[in-house]
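Single-structure report; data block below.
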Amino acid sequence: MLRVGLTGGIGAGKSAVARHLAERGAVIVDSDVLAREVVAPGTDGLAEVVATFGEGVLRDGALDRPALAAVVFGDPSARARLERIIHPRVRARSEELTAGAGEAAVVVNDIPLLVEVGLAPTFHLVLVVRAAHDVRIGRLIGRGLPRAEAESRMAAQATDDQRRAAADIEVDNSGTLAELHARLDAVWDRLVAFEANLRAGQRAPRPPELVISAPDPTWPEQYARLAARITHAAGDLALTLDHIGSTSVPDLPAKDILDLQLGVADLAAADRLAPLLAAAGFPANPGEWWDNPKPPDTTIWYKRVHGAADPARPVNLHVRPVGSPGWRWALLFRDWLRANPTEVSAYAQLKATLAAQGLTASEYADAKEPWFNEAGALAEKWATETSWAPADAPGSPPHS
């Protein structure tokens, strides 16, 4: 089962997105609908709302929503009290509906305040619907809201930048319905493939061709979203988490594959983590994995490697014991490059030279080994001269 969080600002058009995804086969769990269910007449939710805010929020035995809105809107403490009543009940009902959707389902949870309440890491993907400010205002006025109230409601929600930071996928809904549907059809293909890989317990296939991409300034932001998802899934078994490899070094061309390093107590802990990571969308790569030691001809550095089931975001998740040679080397190599722009330029030139030879991705990795052996000696010399030590320690937050 693939779980997708759907959100967007008021007036952005989440309902139109949810309707089209439902037509394509998604199971929609609408938090607004559930929020009404849990305070319907006769529910314990309604009884608690009345006990908290008084009989004035009732009309003919049902919740008088305009009256309740007048009480809580603009009063953060009142709004927080209402959320403490509503949100746990909505979450429980949402979990119940999700569990009944079937193991091959794509479940889309429509949650207006997904970003505000910090739920993004609990989903395999977050889909954010956006629309231009004036378009949203026009839609809200068309629903009968005065402009001032529309502006106020928009200002009370997360900003566009905050939603963008949480978004694995952004869909623009400023134009026509046909344009929106075309964008969503491409998204649906990604979701279906992601779900199939997730259910099969396999990473998304990668083409054998080697493609070196220009530096992408969003790589650190993409890492941050993945890191939040991984740490949520791994819990206390994750001691450290870092962005490593070429995509962690500013201005360095790289394959568009994010490398992450998850530090654990030992490889037994890594094996205990495997099903948790797989359920979060990062299944283990089959077989035995290790790093070539630096310097060569020393003891092999064993590790575990996971990949992403998401076909649109390739990931190598290296799971290594904290303090092990491989764990230390990954951090040293990254920090050495970050501190030495000349070495970044040399590495970029090597990448360009090898890519021009038409190598496969596997051949490319082998061809870089002699350079890595030389770089290892230079990095160790730099570490000695600068008294470098890994910044991470068990219990530290994710680093980029």
Criterion (in contact with a strand residue (DSSP E or B) (Cβ under 6 Å, 6 or more places away or on another chain), assigned to a loop (DSSP other than H, G, I, E, B) and over 19 Å from Ala280 (Cα atoms)) met by exactly one of Asp256, Asp216: Asp256
Test of understanding: among Val90, Val106, which residue is among the hydrophobic types (A, V, I, L, M, F, W, C), surrounded by 13 or more Cβ atoms within 10 Å (Cβ to Cβ) and at pLDDT 95 or above? Val106
If we ask which residues in segment 329-340 are open to solvent by less than 10 Å² (accessible area, probe 1.4 Å) and over 14 Å from Ala391 (Cα atoms), their number turns out to be 1
Top-ranked residue in segment 2-16 [being assigned to a loop (DSSP other than H, G, I, E, B) and on the phi < 0 side of the Ramachandran plot; ranked as surrounded by the most Cβ atoms within 10 Å (Cβ to Cβ)]: Ala12
Assuming Thr342 fulfils every condition listed in (1) under 29 Å from the mean Cα position of the chain (by Cα); (2) part of a helix (DSSP H, G or I); (3) of a type in the set (Ser, Thr, Tyr) apart from one, which condition is it? (1)
Looking at segment 33-60, which of its residues are in a loop (DSSP other than H, G, I, E, B) and hydrophobic (A, V, I, L, M, F, W, C)? Val38, Val39, Ala40
Out of segment 221-246, which residues are touching a strand residue (DSSP E or B) at 6+ places or on another chain (Cβ under 8 Å), charged (D, E, K, R), more than 14 Å from Val126 (Cβ to Cβ) and assigned to a helix (DSSP H, G or I)? none
Any hit, segment 315-328, residues being within 15 Å of Gly245 (Cα to Cα), open to solvent by 30 Å² or more (accessible area, probe 1.4 Å) and in a loop (DSSP other than H, G, I, E, B): no
Among the residues of segment 364-386, count how many are surrounded by 14 or more Cβ atoms within 10 Å (Cβ to Cβ) and within 19 Å of Asn292 (Cα to Cα). 11
Do we find a residue being within 28 Å of Asp185 (Cα to Cα), open to solvent by 30 Å² or more (accessible area, probe 1.4 Å) and touching a residue at least 60 places away in the same chain (Cβ under 8 Å) anywhere in segment 29-40? yes
Any chance Thr298 is among the β-branched types (Val, Ile, Thr) and part of a helix (DSSP H, G or I): no
Looking at segment 191-211, I want the residues that are within 17 Å of Asp168 (Cα to Cα) and have a partner that is part of a helix (DSSP H, G or I) and among the small types (Gly, Ala, Ser) with Cβ atoms under 6 Å, at least 6 apart or on another chain. Which pairs are those? none
Could you tell me whether any residue of segment 171-180 is open to solvent by less than 20 Å² (accessible area, probe 1.4 Å), in contact (Cβ under 8 Å) with a residue 60 or more places away in the chain and assigned to a helix (DSSP H, G or I)? yes
For segment 260-276, which residues satisfy the criterion of being in a helix (DSSP H, G or I) and touching a helix residue (DSSP H, G or I) at 6+ places or on another chain (Cβ under 6 Å)? Ala269, Leu273, Leu276
Of all residues in segment 68-81 being within 14 Å of Val50 (Cβ to Cβ) and open to solvent by 30 Å² or more (accessible area, probe 1.4 Å), the one that is modelled with the highest pLDDT: Arg81
Which numbered condition Ala196 misses (of (1) closer than 29 Å to Ser324 by Cα; (2) of a type in the set (A, V, I, L, M); (3) surrounded by fewer than 22 Cβ atoms within 10 Å (Cβ to Cβ)): (1)
Among all residue pairs at least 6 apart or on different chains, which show Cβ distances below 8 Å where the first residue, located in segment 272-295, is in contact (Cβ under 8 Å) with a residue 40 or more places away in the chain and the second is aromatic (Phe, Trp, Tyr)? Gly281/Phe194; Asn292/Trp301; Asn292/Phe372; Lys294/Trp329; Lys294/Phe372
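The values are calculated or read from the model by the stated rules, or taken from the named source; none is laboratory data. As the structure is a prediction and not an experimental result, all values here were calculated from the model. Cβ atoms come from the backbone with ideal geometry, glycine included; neighbour counts cover every protein chain shown. We work out accessible area using only protein heavy atoms, side chains counted, and drop any ligands, DNA or RNA first. Shrake-Rupley method; radii C 1.70, N 1.55, O 1.52, S 1.80 Å.
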